[in-house]
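*Asks:* Okay, handing you the structure first.
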Amino acid sequence: MCGIVGYTGHRAALDVVVEGLRRLEYRGYDSAGVAVVADGALASAKRAGKLVNLEKALEERPLPVSTTGLGHTRWATHGSPTDRNAHPHLDESGRVAVIHNGIIENFARLRTELEDSGVRFASETDTEVVAHLLAAEVAAGSELADAMRAVCRRLDGAFTLLAVHADAPDRVVAARRNSPLVIGVGEGENFLASDVSAFIAH
């Protein structure tokens, strides 16, 4: 069980996401991380341990101001609770960031296929395969939402996925299969989370 939050709108995304993670920390104490889209690039931070470790890291090295971002609190399933296994996971180019709740049952086969094609992995998690698969779909010409649909057709298991891309500064895409996802629609803003408590205050 993990906690996931996504936001795009007019507010400072990092504030919304970190506040949401505080409300979802009960869903995972092993690590926490965030990513934002700013100035045509992704910026991210993640730390093993409780959310306070991430908050301290963000105080020491703030991320750029952004109105689109996502965040994650992790309960480790694949891979030990370390900084490198914390979400978000990025593709090799650093242009795609993914967070995930659930288990991708066929990740070992997908990882082998990707490694055989030359992809280098930075973590031991099942989630990272999604970042690389999404990046490949986008590189082949797919729009991000279409890329997510194509990737989900290749995944076995129950999951919720959220992703952002550096080239889509005002978009968070999401997909779910037998795993919780709540969507909040506001005036010029959208919220996504594994539990409504993450954004009910807004």
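The values are calculated or read from the model by the stated rules, or taken from the named source; none is laboratory data. Note that this is a predicted model, so its numbers are computed, not measured. Don't worry about glycine lacking a Cβ; one is built from the backbone with ideal geometry, like all the others, and counts go over all protein chains shown.
*Asks:* I'm checking my understanding of the structure. Among residues of the stretch 67-108 that are of a type in the set (S, T, N, Q) and over 16 Å from residue 53 (Cβ atoms), which one is modelled with the lowest pLDDT? I'd like the intermediate steps shown before the answer.
*Replies:* Step one: of the stretch 67-108, the residues of a type in the set (S, T, N, Q) are 67-68, 73, 77, 80, 82, 85, 93, 101, 106.
Those left that are additionally over 16 Å from residue 53 (Cβ atoms): 67-68, 77, 93, 101, 106.
Working: 67: 98, 68: 98, 77: 59, 93: 96, 101: 91, 106: 98.
My answer is 77.
*Asks:* Kindly indicate whether any position in the stretch 109-126 is modelled with pLDDT under 95 and part of a strand (DSSP E or B).
*Replies:* no
*Asks:* Residue 147 fails exactly one of the following numbered conditions: (1) more than 24 Å from residue 13 (Cβ to Cβ); (2) buried (at least 22 other Cβ atoms within 10 Å of the Cβ); (3) among the aliphatic types (A, V, I, L, M). What is the number of that condition?
*Replies:* The failed condition is (1).
*Asks:* Can you spot a residue in the stretch 172-190 that is in a loop (DSSP other than H, G, I, E, B) and in contact with a His (Cβ under 6 Å, 6 or more places away or on another chain)? Let's see the steps before the verdict.
*Replies:* Pass one, the stretch 172-190, residues in a loop (DSSP other than H, G, I, E, B): 172, 178-181, 187-188.
Checking which are in contact with a His (Cβ under 6 Å, 6 or more places away or on another chain) leaves us with 188.
The answer is yes; a qualifying residue exists.
*Asks:* So which of 133, 161, 155 is part of a strand (DSSP E or B), surrounded by 18 or more Cβ atoms within 10 Å (Cβ to Cβ) and not aromatic (Phe, Trp, Tyr)?
*Replies:* Numbers: 133 fails: part of a strand (DSSP E or B); 155 fails: part of a strand (DSSP E or B).
After applying the criteria, what remains is 161.
*Asks:* Looking only at the stretch 82-105, count every residue that is assigned to a loop (DSSP other than H, G, I, E, B) and either on the phi < 0 side of the Ramachandran plot or surrounded by 23 or more Cβ atoms within 10 Å (Cβ to Cβ) (or both) and tell me the total. It would help to see each step written out before you state the result.
*Replies:* Initial filter on the stretch 82-105 (assigned to a loop (DSSP other than H, G, I, E, B)): 82-88, 91-95, 105.
Filter again for either on the phi < 0 side of the Ramachandran plot or surrounded by 23 or more Cβ atoms within 10 Å (Cβ to Cβ) (or both), leaving 82-88, 91-93, 95, 105.
So the count comes out to 12.
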